[in-house]
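Notes to accompany the following structure.
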Amino acid sequence: DKIHIGGIVERGTRENPIVIGAYGGNIVNDPAMNQRPVIDGLNRDSPGIEIGAWSGDYSEWVELYSFVVHRCRGIETTPSSRYIKINNCEVYNNGNNGQFYIRHGYYGEEILQYIELRNAIARDNIGIGGAVAGIKLSAHESKAINCKTYNNTNSGIKFSLESDGNEGKYILTYGNKSNGLTMDGYNGTMKYCISQDNSNNGFQFSAHSNN
């Protein structure tokens, strides 16, 4: 009911990343042709998939494909993770930080993380004791591309104040209980996005974002 990917062992390279996904077929080039593993967190207050360590060394050059995660805290990265790709995954019906949560990078000092979230779906995440965004991206120099978020109890996608140099592209967000897309981070951009039927603003940008 949980996958933890972190520590010294879980370090790939640019040429040979660690790839995690369904067994069989070609999960990198054609993930739609494979079964999607489902992680049921059984309503626990912990992430269904966590990438990165809280102590020790970096986790880097990891690629995650085609998981569905529900009834927990979704999919999260820790501050020591970098060069991570999360592809074709879905989180729904999660509580607390029940979402895609890409944390701000810190490993003795702030680090650039280059985390990419692509073809993600974040829906119906309810929160317990507080509202949650479908996607919360706090990392530096990271991207959310071709993602869909709907019916979450906070913003559909939120680039938080700690983030810097991030990009959202081809995002569809609707039916969320706050803003559709919130860009609070520095030097962030949104391109080719659609936001509709959210409770507050469709788009909300801080003064220090670039759009």
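The values are calculated or read from the model by the stated rules, or taken from the named source; none is laboratory data. Everything quoted here is computed from the prediction, not taken from an experiment. Cβ sites come from the backbone with ideal geometry, for glycine too, and all protein chains shown count toward neighbours. What goes into the accessible areas is simple: the full protein's heavy atoms, side chains included, and nothing from ligands, DNA or RNA. Shrake-Rupley method; radii C 1.70, N 1.55, O 1.52, S 1.80 Å.
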Exercise. Compute the Cα gyration tensor for the stretch 50-105, then decide on rounded, prolate or oblate, letting a ≥ b ≥ c be the square roots of its eigenvalues: rounded whenever a/c is under 1.5, prolate when a/b is larger than b/c in the other cases, and oblate in all that remain.
Key: oblate
Exercise. Mind jotting down the distance between the C-alpha centroids of the stretch 68-95 and the stretch 159-211, whole Å?
Key: 19 Å
Quiz prompt | Net charge contributed by nearby residues that have their C-beta within less than 12 Å of LEU172 (K/R +1, D/E -1) | solution = +2
Quiz item: Going by the alpha-carbon gyration tensor, a ≥ b ≥ c the square roots of its eigenvalues, is the stretch 114-211 rounded (a/c under 1.5) or, if a/c is not under 1.5, prolate (a/b greater than b/c) versus oblate?
Solution: rounded
Quiz item: Cα to Cα, under 17 Å, and not fewer than 8 places away if on the same chain: which lysines meet these conditions relative to LYS169?
Solution: LYS85, LYS136, LYS143, LYS148, LYS158, LYS191
Practice problem: Give me the accessible area per residue for the stretch 155-211, probe 1.4 Å, as a whole number in Å². | Solution: 47 Å²
Quiz item: What ranking, highest mean first, results for peptides 41-50, 166-175 when packing means the other Cβ atoms within 10 Å averaged over each residue?
Solution: 166-175, 41-50
